[in-house]
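Presented below is the structure to which this report refers.
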Amino acid sequence: MKTIFIAGTAGSGKSLLTSKLNEYYARNGAFTAVLNLDPGVENLPYTCDVDVRDYVDIVPIMNNYDLGPNGALIMANDLIASKIDEIQNEVNRVNPDYLIVDTPGQIELFAYRSSGRFLVENITTDEKTCIFLFDGALITTPVNFVSIALLATSIKLRLNLPTINVITKTDLIGTKLNDILQWSTNIRMLEDAIAKEADGETYSLTTNILRGLNMGGFAQGLIPVSNVTGEGLVNLEGALSRILNLGEEVED
Ligand SMILES: Nc1nc2c(ncn2[C@@H]2O[C@H](COP(=O)(O)OP(=O)(O)OP(=O)(O)O)[C@@H](O)[C@H]2O)c(=O)[nH]1
Ligand SMILES: [Mg+2]
């Protein structure tokens, strides 16, 4: 069983990509299952095979412990980690070829609290990878692009998983996509774009961060995807295969 974690900032398209990727694999004859790790979500665009909301309920947690929504989500996440054996058993009963894991909207819950890392390490034992979503609607300026890349790098450090970088919502950003793809492959061009947008402290901080990120393989192989049109899913599947199956792709 190979596991694919879908992470990214709030609203970046994690749940919709989970649904599209699940459909894509199914169309190509692969056996997949979806695990929802978001205890706070109300509506999902797919049917969960395993759902943490069966183990924790946010509303009584808020009422019983007098917590606001974020405090309750933190407590819910810790409770989920304590149910790992039951969740693992449920996943093992389904035993898919690919387990696609949709992660919470609040990225810090998943990436920065120890319960998130614990789940990543213990949910299954075989190959695992993470898809990090750069929200196409957020990274239309070079400074925003660098700050999301900083977040992506920090999450890669936290989760310690091979990571595929994806830019979502390409159907909404038109020709800006070309600029973003050039920024992701040509650091000089990105620095020039930063210089046009920012000066003073913002310029020097952004370019210094960028140089640091570049040493670790900055926004490597950014794959453009639209979760609405499905464009780019074939490239994403290829990248997943290279990590999870040593290059063997599902039938087309
Ligand atoms: N046009 C367009 N809209 C998208 C795309 N991906 C997601 N959306 C929309 O963006 C909104 C958020 O998508 P979700 O899939 O819920 O994002 P998420 O990252 O799961 O959100 P949270 O779990 O709340 O953090 C929804 O209205 C989606 O329909 C895309 O590629 N193109
Ligand atoms: Mg979601």
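The values are calculated or read from the model by the stated rules, or taken from the named source; none is laboratory data. From a predicted model like this one, the values you see are computed outputs, not experimental measurements. So basically every Cβ, Gly included, is an ideal-geometry build from the backbone, and we count neighbours across all protein chains shown.
The figures follow:
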{"read-out": "Within segment 6-54, considering residues that are hydrophobic (A, V, I, L, M, F, W, C) and farther than 16 Å from Val94 by Cβ, the one nearest to the chain's Cα centre (by Cα)", "value": "Ala7"}
{"read-out": "Of all residues making up segment 102-137, the number that are touching a residue at least 24 places away in the same chain (Cβ under 8 Å) and within 12 Å of ligand 1 (Cβ to nearest atom)", "value": "15"}
{"read-out": "Neighbours by Cβ (under 7 Å, 6+ apart or cross-chain): first from segment 193-221, acidic (Asp, Glu); second at pLDDT below 95 and outside any helix (DSSP H, G or I)", "value": "Glu197/Thr141"}
{"read-out": "Verdict on Leu17 being in contact with a Ser or Thr (Cβ under 9 Å, 6 or more places away or on another chain), within 12 Å of ligand 2 (Cβ to nearest atom) and under 28 Å from Glu127 (Cβ atoms)", "value": "yes"}
{"read-out": "Residues located in segment 159-174, provided they are outside any strand (DSSP E or B) and crowded, with 19+ Cβ neighbours inside 10 Å", "value": "Leu159, Leu161, Thr168, Lys169, Thr170, Ile173"}
{"read-out": "Residue list for segment 68-114, restricted to those being assigned to a loop (DSSP other than H, G, I, E, B), of a type in the set (D, E, K, R) and either more than 20 Å from the chain's Cα centre (by Cα) or at pLDDT below 90 (or both)", "value": "Lys83, Arg113"}
{"read-out": "Filtered residue count, segment 12-36, keeping only those that are modelled with pLDDT of 95 or more, in a loop (DSSP other than H, G, I, E, B) and over 13 Å from Pro96 (Cβ atoms)", "value": "2"}
{"read-out": "Test: residue in segment 17-28 that is within 28 Å of Gly136 (Cα to Cα), loosely packed, with under 14 Cβ neighbours inside 10 Å and of a type in the set (D, E, K, R)", "value": "yes"}
{"read-out": "In segment 9-25, the residues that are more than 23 Å from Thr153 (Cβ to Cβ) and either near ligand 1 (Cβ under 7 Å from one of its atoms) or of a type in the set (Phe, Trp, Tyr) (or both)", "value": "Ser15, Leu16, Tyr24, Tyr25"}
{"read-out": "Segment 43-67, residues that are within 14 Å of ligand 1 (Cβ to nearest atom) and in a loop (DSSP other than H, G, I, E, B)", "value": "Asn43, Leu44, Pro45, Tyr46, Cys48"}
